[in-house]
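Everything on this sheet refers to the single structure shown next.
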Amino acid sequence: MISLKQLTKVYGRGPDAVTVLDRLDVEVASGEILAVVGPSGAGKSTLAQCINLLERPTSGQVVVNGEDLSGLPEHRLRVARRRIGTVFQSASLLSRRTAAENVALPLEYLGVTPAEAKARVAELLERVGLSHRAHHYPFELSGGQRQRVGIARALALRPSVLLSDEATSGLDPETTRSVVSLLRQLRDDLDLAVVFITHEMDTVLHVADSAARLDRGRIVEQGRLVDLLTDHDSALGRALQPRLSPADPGAGARAWHVTYDSRAVPADWLQRVSADLGEPAALLAATIQNIGGTSTGNATVGLVAPDAVRVEAAFARHGLRAVLRPTHHATRGTAPETPPAEPTLTTTRKEAALWA
Amino acid sequence: MGVTLPSAVIVRTLADTPIADLPALLVPALGETLAMVGIVMLVVVLAGTPTAVCLHNMAPGGLFENKAVYGVLSWIVNIGRSLPFLVLMAAIVPFTRFVTGTNIGIAAAVVPMSLAGIPFFARLVENCLREVPRSVTQAARASGGSPLQIIRSAQLGEAFPAILGGLTINTIAMIEYSAIAGTIGAGGIGYVAVTYGYQRFDQTVMIATVVLLIALVTAVQLLGDGLVRATTPHLRRR
Ligand SMILES: Nc1ncnc2c1ncn2[C@@H]1O[C@H](COP(=O)(O)OP(=O)(O)O)[C@@H](O)[C@H]1O
Ligand SMILES: [Mg+2]
């Protein structure tokens with residue numbers, strides 16, 4: 001269990017001072033994965049470095065299992081840091097050491113006997129599914145395998161907190177999925193509190209139990225994933241959904257953007273809405289998935305019905321929120337949207353994308 | 001041998017050394033060069049490596065950032081790097097005499113060569129350390145390493161092949177310096193080349209020393225390249 005209390009990081013002094021993290025309050029329980037998302041420059045890496053205290057917070061506390069680490073002197077910090085395992089982007093392995101030797105590094109630093117270390121390393125590599133690559137050098141491993149070695153190294157000292165900064169960024173989707181499911185497996189087996197930092201929104205749905213959105217050093221939204229995804233008013237919830245390119249509703253029909261606004265949306269809502277309105281509903285785009293036992297998603301539905309209030313009410317009856325898409329833009333929907341270089345997170349940009 | 005002839009006395013009529021006599025002249029000279037360079041490189045590695053580690057880690061973002069000490073250390077190293085070897089050698093004669101009690105011979109050459117070699121090597125190694133990604137040092141810190149452990153396993157460990165490359169460059173530079181030191185009677189191949197080849201116009205010795213120096217430098221380079229390959233996993237033949 002880890003909690004950050006009023007965590008603040010200021011770089012520079014006087015007039016040049018930049019507040020990179022501004023009074024963050026975050027709590028991650030054991031067995032929970034919190035995803036921290038945010039655009040580039042939001043302060044995510046700074047947050048990671050403050051959590052494992054590679055950077056000292058300017059003020060505030062980092063409390064791990066009840067002990068505040070932020071005030072410890074450097075030599076005590078080195079010991080305390082063992083409670084936090086860190087997985088780095090692109091693994092940051094020692095290139096001249098084999099996978100096994102890399103995993104052994106923290107044990108070596110701690111002064112564990114070689115025999116003991118060997119047994120522990122074998123167990124860790126087994127856990128991340130890399131026993132057969134123990135004696136390979138990093139250059140002989142794939143990106144996903146290197147990341148697994150990084151995870152095994154992070155777990156070497158039996159931490160209670162696992163911190164990952166962009167650990168899956170740069171991996172292909174398939175590999176990302178396998179690394180993410182490994183993290184979930186480890187979270188269950190070892191009862192870890194996991195802080196998973198990423199700028200990739202689509203990864204969050206697969207990994208996290210809860211999510212926090214960091215923007216310009218502030219946590220602007222935070223909550224359990226299911227709650228975020230079933231709340232129409234959650235900008236983070238909507239940003240986490242895949243962006244769709246709806247088909248053209250056709251002559252006389254209008255496109256409605258539909259989001260889940262309740263945990264109790266019936267699976268056959270489309271038929272029900274269609275029956276309520278007495279006309280066939282055209283499904284122009286949709287993504288529905290199960291997050292922790294609850295259905296969430298969003299869709300674009302084509303309807304002829306002219307009475308907007310009636311349509312909204314029909315959707316609302318089933319826990320959905322429907323918003324009319326402007327018709328003059330509807331034809332544009334058929335052209336595939338080019339994904340932005342950086343996932344957009346701010347409400348305004350997301351909103352703009354929704355209406356595009 | 002061992003007596004420097006004043007150049008005014010040199011006459012062109014001196015005959016070239018017969019080829020058969022070359023080994024007797026060059027083998028001891030090669031031994032002297034190797035001894036000089038060997039001693040100097042030992043000193044250079046022992047003093048230059050910690051200097052480089054300090055420079056690297058006192059710089060902003062290092063393990064023990066210290067702007068003031070970094071500034072002073074960097075300034076000292078720069079002074080050592082800025083003097084041409086010949087000038088440095090001449091300038092520190094009093095110091096050399098103080099340390100070794102003499103200002104000619106191998107012992108006397110080792111002092112200026114080391115003083116020139118240490119800052120050179122320090123900069124080479126500092127550069128190698130800078131090439132190690134910062135995230136590797138961060139990962140070592142996150143793994144609970146003490147500064148010494150991090151320096152050893154993450155920084156020097158990762159930079160090791162590059163440092164061997166720097167060591168090769170430095171050794172070759174020291175062979176060159178030893179030849180310059182030869183002109184002040186330090187012995188070695190340089191001394192033979194200057195006294196026989198240059199001052200006595202002995203073509204045979206001149207060519208022989210040139211060939212020997214080329215062979216020596218080539219051997220050092222090949223050895224260095226081999227060591228770099230052997231210590232870099234992806235260059236190693238497996
Ligand atoms: N050592 C530093 N000194 C000054 N500013 C920094 C430092 N590290 C990061 N920053 C600033 O903090 C902000 C957040 O950076 P970072 O935490 O790397 O963001 P992210 O990981 O979310 O992309 C950036 O504006 C960056 O310029
Ligand atoms: Mg970052």
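The values are calculated or read from the model by the stated rules, or taken from the named source; none is laboratory data. On a predicted model such as this, the values are computed, not experimentally measured, just so you know. Counting neighbours? That spans all protein chains shown, and the Cβs are built from the backbone with ideal geometry, glycine included. Areas reflect the complete protein model, heavy atoms only, side chains present, ligands, DNA and RNA absent. Shrake-Rupley method; radii C 1.70, N 1.55, O 1.52, S 1.80 Å.
Points worth noting:
- Nearest-20 debye value, segment A:243-324 charge dipole, Cβ charges on Lys, Arg, Asp, Glu: 200 debye
- Segment A:1-87: C-alpha gyration tensor shape, a/c 1.5 cut-off, then a/b vs b/c: oblate
- The Rg/Rh ratio of the protein assembly as shown, with Rg taken over Cα atoms and Rh as the Kirkwood radius over Cα pairs, comes to 1.18.
- Shape of chain A, Cα gyration tensor, a/c cut at 1.5: prolate
- Positive-end residue, chain B charge dipole about Cα centroid, Cβ charges, pick of B:LEU115, B:VAL136, B:THR183: B:VAL136
- In the assembled protein chains, B:LEU148 presents an accessible area of approximately 130 Å² (probe radius 1.4 Å).
- Accessible surface comparison of A:ASP188, A:ASP165, probe 1.4 Å, protein chains only, largest first: the order is A:ASP188, A:ASP165.
- A:ALA251 versus A:GLU123: modelled label distance in nm, points set 7 Å from Cα along the beta carbon direction: 7.3 nm
- Using a simple spin-label model with pseudo-atoms 7 Å out from Cα toward Cβ, B:VAL210 and B:LEU235 lie 3.1 nm apart.
- Averaging Cα coordinates gives a centre for segment A:205-259 and one for segment A:48-75; these two points are 33 Å apart.
- Electrostatic tally near A:ALA314: other residues with Cβ closer than 9 Å to its Cβ, Lys and Arg +1, Asp and Glu -1, net +1.
- Placing pseudo-labels 7 Å out from each Cα toward the beta carbon at A:SER262 and A:SER142 gives an inter-label distance of 4.4 nm.
- Screening chain B for whole DSSP H helices of 24 Å or more along their axis (Cα) with average Kyte-Doolittle hydropathy at least 1.6 returns B:22-58, B:203-231.
- Computed with a 1.4 Å probe on the full set of protein chains, the accessible area for A:ILE84 sits at about 0 Å².
- Evaluated with a Cβ-only charge set (Lys, Arg +1; Asp, Glu -1), the protein assembly as shown carries a dipole of roughly 720 debye about its Cα centre, given to the nearest 20.
- Sum of side-chain charges, A:SER164 neighbourhood, beta-carbon under 13 Å (Lys, Arg +1; Asp, Glu -1): +2
- Counting, for every residue in B:129-135, the Cβ atoms of other protein chains within 10 Å of its Cβ and taking the mean gives 2.
- Only one residue of B:GLY166, B:VAL40, B:ILE106 has its Cα farthest out toward the positive end of the dipole of chain B, where Lys and Arg carry +1 and Asp and Glu -1 on Cβ, and that residue is B:GLY166.
- If R0 is 60 Å, the Cβ-Cβ spacing of A:GLU67 and B:LEU227 corresponds to a FRET efficiency of close to 0.80.
- Charge dipole of the protein assembly as shown about the Cα centre (unit charges at C-beta), most positive-ward option of A:VAL301, A:ALA281, A:GLY237: A:GLY237
- Point-charge dipole on Cβ atoms (K/R +1, D/E -1) for segment A:1-127, about Cα centre, debye to 20: 260 debye
- Packing order of peptides B:133-141, B:104-112, A:241-249, highest average first: B:104-112, B:133-141, A:241-249 (average count of other Cβ atoms within 10 Å over each peptide's residues).
- Per residue solvent-accessible surface (Å²) - chain A, probe of 1.4 Å: 43 Å²
- Here A:ALA115 and A:TYR11 are evaluated by their C-beta separation; at R0 = 35 Å the FRET efficiency comes out at 0.20.
- As a length-normalised measure over Cα pairs under 8 Å and 6 or more apart, the relative contact order of chain B settles at 28 percent.
- Within segment A:188-204, backbone nitrogen closer than 20 Å to the virtual label 7 Å beyond the Cα of B:ARG134 toward Cβ: A:197-199
- Gyration tensor verdict on segment A:243-324 (Cα atoms; rounded if a/c is under 1.5, prolate if a/b is larger than b/c, oblate otherwise): oblate
- Solvent-accessible heavy-atom area per residue, rounded to whole Å², over segment B:141-203 at 1.4 Å: 33 Å²
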